[in-house]
Amino acid sequence: MFVEMFLEDGHFAKIFRSDGTLMRTLDLPDPTLGLACLTWSPDSARLACEGWDDAKPERVGLYTVRADGGDLRQLTSPADHRHDQEPQYSADGSQIRYVHSTDEEGELGQLWAINVDGTGNHRLISNPVGWVTAVSPDGALLATKLEGQLALYDTSDFSQPPERHHIPDGFAWSFAWSADGSHLAFMASVVGHPNNAVGTIARDGTGFNILPTGSAPGQIDLIGWLP
């Protein structure tokens, strides 16, 4: 299954089967609440969501919802009313990691984690991280953009500094792990490449490479691995 945001006509998402046929459309619980729900729990029973409400700022926060659109739960309600975004479930499904936005201009935030029942909310890293993060399939590594560089954190000990990789004449953004977790692909905005570039790196930090994509038609915004 995969999910597509669909913020119109009283709906917030469409869920499709792997063959591309529509399975169901999820309804918004009320017209002023926005939900971006793109992350599945490991058992595919629930979705983790970024939520916001321009009319009621106290409703900004992290939410989860059942795959049929029911049982909407608000897990966080940040006092500063800044967005909690980019939620990702831990490998065992017991926690959700997310980024609390602190710097819109620099697209930076703080990495937090919370239990799926809404308890135990805590900050994981003292240093800021980029808005976009990606956890390896086994949950051991977290990739993010930090000061324009690709940063890889060991999730078993966030007190340790990340492994950093400088992007020549550019910066990293958008990340995709291979299904077996052996490699990471990422987007790189690089001087001289108007359509962006694709970077790859092995899990152990070797084989760092920037692949220019100047011949690709149109602007590249999303990447993924073939199964």
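Nothing in this text is a laboratory measurement; each read-out follows from the coordinates by a stated rule. Predicted model, so just to flag it, every value in this text is computed and none were measured. Heads up, the Cβs are rebuilt from the backbone with ideal geometry, glycines too, and the neighbour counts pull from every protein chain shown.
Descriptive notes on the structure:
- Between Asn127 and any residue 5 or more places off or on another chain, the built amide H atoms are never under 5 Å apart.
- Cα-based shape type of the range 7-92, given that a ≥ b ≥ c are square roots of the gyration tensor eigenvalues and the cut on a/c is 1.5: oblate
- Cα coordinate range in the range 132-210, projected on the principal axes (Å, largest first): 38, 26, 22
- Mean separation of Cα pairs under 8 Å and 6 or more residues apart, divided by the residue count, gives the chain a relative contact order of 8 percent.
- For Met23, the residues whose modelled amide H falls within less than 5 Å of its own, excluding neighbours fewer than 5 places apart on the same chain, are Ile15, Phe16, Arg17.
- The alpha carbon gyration tensor of the range 169-211 gives principal lengths a ≥ b ≥ c with a/c of 1.5 or higher and a/b greater than b/c, which makes the shape prolate.
- For the chain, the dipole from Cβ point charges (+1 on Lys and Arg, -1 on Asp and Glu) about the Cα centre works out to 280 debye, to the nearest 20.
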